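Take a look at the structure set out below.
We did not get these values from a lab; they are worked out from the coordinates using the rules stated. This one's a predicted model, so the numbers in the text were calculated from it and none came from an experiment. Every residue, glycine as well, gets a Cβ built from its backbone with ideal geometry; the counts of neighbours run over all protein chains shown.
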Amino acid sequence: MNLNCARKLDYWVGIPVSLIISVLWKIERIFSFKRKLETTVPKKIVFLELSEMGSAILAYSSILKAKELYPASKLYFWIFKENVDSVTILEIIPKENILQIRSKNLFLLFVDTLKALHRIRKERIDTIVDFELFSRFTSILVYLSRAKNRVGFYKFSMEGLYRSDVYSHKVSYNPYMHISRNFLNLIYSLKESTRELPLLKRSVADKITEVPKKIFNNEQKKLILAKLKTVNNKISEASKLIILNFGIGDYLPLRNWPLENYFKLSEELLKRDDVFIILIGVKFAKGQKEHIKDLLEHERCVDLIGKTSVEEVVDICCVSRLLISHDSGMANLASLTAINTIVMFGPETPVLYAPLNSNMEIIYKNFSCSPCFSAYNHRKSVCRDNLCLQAISVDEVYEMSVRRACL
C-alpha cells in the first residue's frame with residue numbers, strides 16, 4: 001500500500017475509530033467488565049511491530065527481557081508479511097508464532113487482520129506489547145485483541161502521538177533515548193501498577209544487548225562466494241567485497257544519500273584492482289538504471305538490486321568487508337554480522353535509531369533542522385531537498401571506507 005495513502009487512512013479513519021474505542025474502553029472499565037479487565041501475569045505475549053524492519057531488529061533486547069522476566073510465557077510476533085524475515089532471522093520467536101498481515105491492498109489487509117485477531121482470541125493471548133509509536137491502526141488492533149495486559153506508548157499531555165486510550169500500561173515515549181531502550185521500558189512496565197502514570201518511573205540500567213551475530217565457518221563462506229561467482233565469475237577469495245545500499249525502492253526516499261554520490265564513490269573504489277562493488281536495494285525506479293548504466297557494466301560490479309532475500313543479504317555481509325548505507329533496515333540487518341558498516345543519517349537521528357553494532361561508524365552533520373522525521377509528524381517532512389545528507393561528501397565517505405575496509 002502507498003505510504004501516503006496509509007497515512008491518510010490512519011488519520012481520517014484512525015482518529016474517529018480511536019475516539020470510539022477509547023470511549024468503549026472507558027465504559028467497560030466503569031461498569032460490568034471491570035473485574036475482568038484487571039491485568040494478570042503474562043502467559044502469552046504478542047509483540048506488535050508492523051511496518052518497520054529495522055525496529056523489529058532493535059526490539060531484540062526487549063524480547064530477551066520478556067523471556068527472562070516471564071520464562072513460562074509463550075511469545076508471538078505480529079508484523080507485515082514483507083518484513084517478516086527481520087523477525088525470523090533473529091531466531092527468537094518460533095516461526096509458527098509469527099502472525100503476518102499482507103498490506104499490498106486494503107482487502108488483503110482486512111482479511112489477514114481478521115485471521116490474526118481470530119487466532120489471538122482463540123489462543124487467549126493475554127498480553128500485547130505495542131512497539132509502534134504513531135500508528136493508530138495498531139492501537140485499534142490492541143483493543144480488538146481483547147488482551148488483558150496492553151502496554152504501549154501514550155501521549156499524555158503531548159500534542160503528537162494521539163492514538164487511543166486503550167492501554168492498561170501507558171508508557172511515556174522518551175525522544176532523548178535510543179528506541180531499543182524505549183522498547184525495553186515497555187517490558188518493564190508490565191510489572192508496574194496500572195495506576196502509576198506515567199510509566200516507567202524508574203531507571204533501566206540494563207545494557208542493551210547487541211543482536212545475535214551470524215557466524216560462518218570457512219566452508220560456509222566458500223559456498224556463499226561460489227554463489228556470488230555465478231553472478232560474476234571474477235570474484236575470488238582474495239576479492240575485497242564492498243556492499244553499497246543505494247536505497248533504491250526505499251519508501252522514505254528523503255533518507256537517501258544522492259545516487260550520483262554513490263556512483264562517484266563506486267568509481268573511486270573500483271580504481272583499486274581487488275575491490276568488487278555489490279549493489280543492493282529493493283528495485284530500480286524509472287530512469288535510475290539508465291543513470292548508473294556505466295557502473296552496472298563494470299566487470300567488478302555485481303548488481304543484486306531486487307534479486308536477494310533478507311537471508312541472502314545477511315550471507316553476503318558475512319563474506320564482505322564493508323557495507324555503506326543510509327539509515328535503513330539494511331543497516332540493522334548488517335548488525336547481525338561482523339561486517340564493518342558506515343551509516344549516514346540525515347532526516348533521522350542516530351541518537352534514536354543507530355544500529356546496535358560495535359563495528360560501525362556514523363556520519364551525521366547535525367543540521368539545526370535535523371531530525372525532521374519524528375513520532376510527532378508520522379515521519380512526514382516538508383523537506384524536498386535533503387541538504388543534511390548532501391553535505392556528506394564523497395571524499396569523506398571514501399576515506400572512511402579505505403580505513404574501515406583496510407584497502
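Could you tell me which of Leu254, Asn377, Val402 has its Cα farthest along the dipole of region 218-404 towards the positive end, charges placed at Cβ (Lys, Arg +1; Asp, Glu -1), taken about the Cα centre?
Comparing the listed Cα positions along the dipole, Asn377 ranks first.
Quick one: which of Lys74/Lys307; Lys43/Lys213; Lys67/Lys95; Lys8/Lys104; Lys271/Lys293 span more than 24 angstrom between C-alpha atoms?
Listed pairs above 24 Å: Lys74/Lys307; Lys43/Lys213.
Please report, to two decimal places, log10 I(q)/I(0) for region 123-247 at q = 0.18, 0.21, 0.22 Å⁻¹ as given by the Debye formula with identical point scatterers on the Cα atoms and no solvent.
Debye intensities relative to I(0), on a log10 scale: -0.92, -1.21, -1.31.
Residue farthest toward the positive end of the dipole of the chain, with Cβ of Lys/Arg at +1 and Asp/Glu at -1: which of Phe80, Val13, Asn366?
Val13
I need the calculated FRET efficiency for the pair Glu192 and Arg119, taking r as the beta carbon distance and R₀ as 25 Å, to the nearest 0.05.
For Glu192 and Arg119, the calculated efficiency is 0.30.
Given N residues in region 218-404, what is Rg(Cα) / (2.2 N^0.38 Å)?
Details: Rg = 16.1 Å, N = 187, 2.2 N^0.38 = 16.1 Å.
Normalised by 2.2 N^0.38 Å, the Cα Rg of region 218-404 equals 1.00.
At 37 °C and 0.692 mPa s, what whole-number value in µm²/s does Stokes-Einstein give for the translational diffusion of the chain, with Rh from the Kirkwood sum over Cα pairs?
My calculation gives 146 µm²/s for D.
About its Cα centre, how strong a charge dipole does the chain have in debye, to the nearest 20, once Lys and Arg get +1 and Asp and Glu get -1 at the Cβ?
Taking the Cα centre of the chain as origin, the dipole is about 1880 debye.
Hey, got the dipole for region 3-189? About the Cα centre, +1 on K and R Cβ, -1 on D and E Cβ, debye to the nearest 20?
700 debye
Give me a comma-separated list of calculated 3J(HN,Hα) values for region 268-281, in order, Karplus coefficients 6.51, -1.76, 1.60 applied at θ = phi - 60°, integers in Hz, x for any Gly or Pro.
Whole-Hz 3J(HN,Hα) from phi for region 268-281: 5, 5, 6, 5, 8, 5, 9, 8, 10, 9, 10, 9, 10, x.
Mind checking the dipole of region 296-393: about its Cα centre, +1 per Lys or Arg Cβ, -1 per Asp or Glu Cβ, Debye to the nearest 20?
For region 296-393, the charge dipole is close to 380 debye.
Any idea what angle helix 14-30 forms with the longest principal axis of the chain, computed on alpha-carbon atoms, 0 to 90 degrees, nearest 10?
40 degrees
Under 18 Å between alpha carbons, and skipping anything fewer than 8 positions from Lys81 in its own chain: which aspartates and glutamates qualify?
Here the aspartates and glutamates satisfying the reach criterion relative to Lys81 are Glu49, Glu52, Glu91, Glu96, Asp112, Asp130, Glu132, Asp250, Glu311, Glu312.
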